Each structure stands twice: as structure tokens, then as C-alpha cells.
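One structure is given below, encoded as C-alpha cells.
The values are calculated or read from the model by the stated rules, or taken from the named source; none is laboratory data. The model shown is predicted, which means the values in this text are computed figures rather than measured ones. So basically every Cβ, Gly included, is an ideal-geometry build from the backbone, and we count neighbours across all protein chains shown. We work out accessible area using only protein heavy atoms, side chains counted, and drop any ligands, DNA or RNA first. Shrake-Rupley method; radii C 1.70, N 1.55, O 1.52, S 1.80 Å.
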Amino acid sequence: MTFRIAQISDTHLSDTKPFFVDNFVRVGEALRESKPDLVLNSGDITLDGASRESDLAAARVLHDSLGLPVRFLPGNHDLGDSQDAPGHHESPINAERQARNLAHFGPDWWSFDVPGWRVLGLNAQLLGSDLASAALQEAAIAEVVSDLGPSRLALFLHKPLFDSSADESEITGRFVNPAPRRRLLAKFGNAMPVLIVCGHVHQYRATESAGVRHVWGTSTAFVIPDRIQPCYGIKEVGYVEHTLEPDGSHDSRLVRVPGVATLSIADFPEAYGPI
Ligand SMILES: [Fe+2]
Ligand SMILES: [Fe+2]
């Protein structure tokens, strides 16, 4: 029995600045047609839930209106950025924001099993953090790995682990930084995920590194112009369908939804300021 996950990401929803709600609603119509086993939002659910609780509430209502099973993972715009992200205009994650996110979206790390697979979702904003819950999340990873058995592991989190190699040394806000990346990968030991899926970059990309498939899910909302963000993959909005088969095989594909416009954040200076 195939398990189908529709990954939506970087929905950037808001009640007071609803620039990207139309795209979400149209993607939602396509999801209701497709009837995946799970809709998974891989973060930046809100435009600015880190500062405005009403964005969190509005985004939750929109997801509930899908009438489909949904799981959430937080992103930097929901929680604040990782504590080790340099020179970012967002203030970092703190316990109060995390509690607010938990109240609206439920657990920010979780795992579940389907035939042939264990699916693990992590709060990427806790990687490199000294919050008490960062240690709790690490303990949860150890438990997930310890009794994996013959199942294959699929990992979902907001930020990509790296561009092309786990050995990269740059400290950025775009990827999980080197020290927490090493720490995370060491936790997996011999039970390395065969599929690692993220959002955050607003581009679709599927690559292979050291035997692991890395898939970047694009945004349902907008893309970022080339003059401020390199083109790593495909800058188009949509969602990504992942299929997990009981025999351990898997596939991921970008789904373009007719009528959903690839908006550019450059055309919405009211969202985050002019760029
Ligand atoms: Fe985003
Ligand atoms: Fe992000």
C-alpha cells in the first residue's frame, strides 16, 4: 500500500497581509481532488507568526478548511530564526514563541510509521539552539533511531541540511549550520535517512548525496528573485508529492497547480519590506 504525502511549504499565510492566501486556497482545491494520505506543511506556515499570533490562528483555520489529515513543522517565520543564523533580520527562536506555535499547530517534532517506512519530522529551528526543548528533540531522535528495525527512514524539516555536501563550512541562515548538522547526522549513526525533505528556499530541487535523496519542496506562495538568491533548482510555486512504497522504494515530484501564479516577493514590499 503506497503512502502519499503532499508536501506544502512556505505558505506564508496571514490575516492582516493575506497576499498569498489565494494561492493556498487553489493548492488546497488540488489537494482535495488528489486526496493524499497526509498533507505536511514543512514550515514558514505564516507570514510572520513569530511576531503576530493572529497569523498563526489564521493559518490554522485555513489548513483545517482543507478537510484532510495535516501535520506541521515550524519555520523561521513561525518561530524566529535559529540561534546560530547570522545577520538575519528576524530575532531568534525563544521558548515563548515555541509555546505559541505548539498551541496552534501541535507537536513540532513527531514520527509515525507506515508500511516499510518511519517518517520523522523535526523542528529545524531548534538545531543549534540552547533551549531546553532542543535536548528533548535530540532524545526523541535517538529513540526513533534505536528501534527502526528494517524500516527505511524519511526525514522532514524546514531547512536544507546543505547545498551539495555535508562537509560545507559556511555559516548561513539558508542551511542547517555545520556544527548542528554534524551533531544531527551523528545522531542517526547507521540508521541514516534515505530521504531528507525540506522547504525554506522556495525552490524545488532533487539531488543525491552520499546515497541519500535530498528533496527541496517549493513554496505555495512566492519565489525570491535571482539578484538576492541563487538559482539552485526550479523557481516555481506548487507542492511536492512524495510516495513511499512498502518495499522501501520512493519517489518525489513537483506538482504544478493550474491557476496558481508564481508570485515574486519583490512585488510585495508590504510583506517583509522592499528588497
Ligand atoms: Fe519561506
Ligand atoms: Fe524559511
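Pull out a ≥ b ≥ c, the square roots of the eigenvalues of the alpha-carbon gyration tensor of the stretch 1-133, then state rounded if a/c is under 1.5, prolate if not and a/b is larger than b/c, and oblate in the remaining case. Judged from the Cα gyration tensor, the stretch 1-133 comes out oblate (a/c at least 1.5, b/c at or above a/b). The 1.4 Å probe gives accessible areas that order 12, 77, largest first, as 77, 12.
With R₀ set to 30 Å, the beta-carbon distance separating residue 167 from residue 16 gives a calculated FRET efficiency near 0.10. Under 17 Å from a label point 7 Å along Cα→Cβ of residue 247: give me every residue in the stretch 1-16 with its amide N that close. What the label zone holds, given the 17 Å backbone N cut-off, is 1-3. The distance linking the stretch 186-237 with the stretch 114-172 is 15 Å (Cα centroid to Cα centroid, whole angstrom). The string of couplings for the stretch 196-212 from the Karplus curve (6.51, -1.76, 1.60, θ = phi - 60°) is 10, 10, 9, x, 6, 8, 6, 9, 8, 7, 10, 9, 10, 9, 6, x, 10 Hz, one whole number per residue in order, with x for Gly and Pro. With the convex hull constructed from alpha-carbon coordinates only, the chain shows a mean projected area of 13.0 nm² over all directions.
Phi-derived couplings, Karplus 6.51 cos²θ - 1.76 cosθ + 1.60 at θ = phi - 60°, listed residue by residue for the stretch 218-228: 7, 7, 7, 9, 7, 10, 10, x, 4, 5, 10 Hz, with x used for Gly and Pro.
Evaluating 6.51 cos²θ - 1.76 cosθ + 1.60 at θ = phi - 60° for every residue in the stretch 266-273, the Karplus couplings come out as 4, 8, 10, x, 6, 6, 10, x Hz, glycine and proline recorded as x.
If the reach is capped at under 27 angstrom between alpha carbons, list the lysines near residue 17, excluding any in the same chain fewer than eight residues apart. Qualifying lysines at Cα under 27 Å: 159, 235. Of all the options 21, 260, 114, the one that moves most in a Gaussian network model of the chain with Cα springs shorter than 10 angstrom is 114.
Highest mean packing comes first when the peptides 158-167, 264-273 are listed by Cβ atoms within 10 Å, giving 158-167, 264-273.
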